[in-house]
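In what follows, a structure is listed as structure tokens, so that the remarks can point back to it.
The values are calculated or read from the model by the stated rules, or taken from the named source; none is laboratory data. Every value quoted in this text rests on a predicted model; they were computed, and no experiment measured them. With ideal geometry, Cβ positions are generated from the backbone for all residues, glycine too; neighbour counts draw on all protein chains shown.
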Amino acid sequence: MLVTVFDREELDGREDLLTRAERRCLVDARFGARRRAEWIAGRVAARRALGRLLGDDAPSVSVVSAPSGAPRALGRPDLSISLSHDGAWVAVAATRRQRRRTRVAIDLCDARHEDRVRRLLGRLSIDGTGDPLSPCATWAALECILKLRRLGIASLLDARIGLSPVEADTVQISGLGASATVTRAETENFALAWAVEA
Amino acid sequence: MPVAIDDLRKLVVAAAPDSALALPVETCPEDQPLDGVIPFSSVIVLGVVVAIEDRYRLRVTKEMLAKAVVGGVTLRRLATMIDAALETP
């Protein structure tokens, strides 16, 4: 699996790099200006990441939106890709599928959201063991599982969520379907969480 | 009394991590999915839930929110969700 984070400055304004299929998808979406810019940045980031994964500097694969809005590598069912945008960052996780159901998910939480996220986490029912994660790391881990399981944010409201660090960089999450292990990383700028499930 | 859409607009803007980015919500059509108006992240969605709970003194359940987000969260769907919750004894 490949996990990478791009600075939005590298990606913004590069609509010229979109494939024809991506342009069509963008037109159909009828986004507002900001969402449109975010979508373009995400596709450019996704294709760069796929280039690294596939060893191809200019992969021809198009990254379009599934009906759910999730990114999908058009015509490449052997690839699973996940995107996360926040502030100045775009995170991408991509993998070659070992099985048809293999799915990857990633979430990035900008460190600037720490106070806000702490308040939101206070609304949820979360039992933690071991050293507590930072609010942003907790949020990224939860969002990662929601994406992995294709659950909406509503799933968090009535769930009894368990968080148990397994190793320094992994945490097990229960209460949102079967327990799942999320890998995490944190910098002074953001927290990142990703997972793959077959 | 029906929830005022303009009141909801203010709640959404205030719930956004960057209020400036959320300003288009102040003028968008009430049936337009907010995901197409602003980067309507989960942080904003849950922030709106918490703000609604505080403002209207109600508890938003998983079922209520799940129903409101089908087809994309709009201001009208949020208002309908709140109205239904306020009418429930």
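Values for this structure:
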{"item": "Matching option when the condition is of a type outside the set (D, E, K, R) and closer than 23 Å to B:Gly72 by Cβ, among A:Val44, A:Val64, A:Val92", "result": "A:Val64"}
{"item": "Residue selected from the stretch A:96-114 under the condition touching a Pro at 6+ places or on another chain (Cβ under 8 Å) and in a helix (DSSP H, G or I), by the criterion nearest to the other protein chains (Cβ to nearest Cβ)", "result": "A:His113"}
{"item": "Subset tally (residues that are over 18 Å from the mean Cα position of the chain (by Cα) and either in a helix (DSSP H, G or I) or basic (Lys, Arg) (or both)) for the stretch A:146-198", "result": "1"}
{"item": "Lone unmet requirement of (1) under 28 Å from A:Arg150 (Cβ atoms); (2) among the acidic types (Asp, Glu); (3) over 13 Å from the mean Cα position of the chain (by Cα) for B:Asp31", "result": "(3)"}
{"item": "Filtered residue count, the stretch B:1-46, keeping only those that are acidic (Asp, Glu) and not in a loop (DSSP other than H, G, I, E, B)", "result": "4"}
{"item": "Single unsatisfied condition, A:Thr4 versus (1) in a strand (DSSP E or B); (2) buried (at least 19 other Cβ atoms within 10 Å of the Cβ)", "result": "(2)"}
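Let's see how each residue does on (1) modelled with pLDDT of 95 or more; (2) touching a helix residue (DSSP H, G or I) at 6+ places or on another chain (Cβ under 6 Å); (3) of a type in the set (A, V, I, L, M, F, W, C):
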{"site": "B:Leu23", "(1), (2), (3)": "no, no, yes"}
{"site": "B:Pro33", "(1), (2), (3)": "no, no, no"}
{"site": "B:Leu46", "(1), (2), (3)": "no, yes, yes"}
{"site": "B:Arg55", "(1), (2), (3)": "no, no, no"}
{"site": "B:Leu58", "(1), (2), (3)": "no, yes, yes"}
{"site": "B:Glu63", "(1), (2), (3)": "no, no, no"}
{"site": "B:Thr88", "(1), (2), (3)": "no, no, no"}
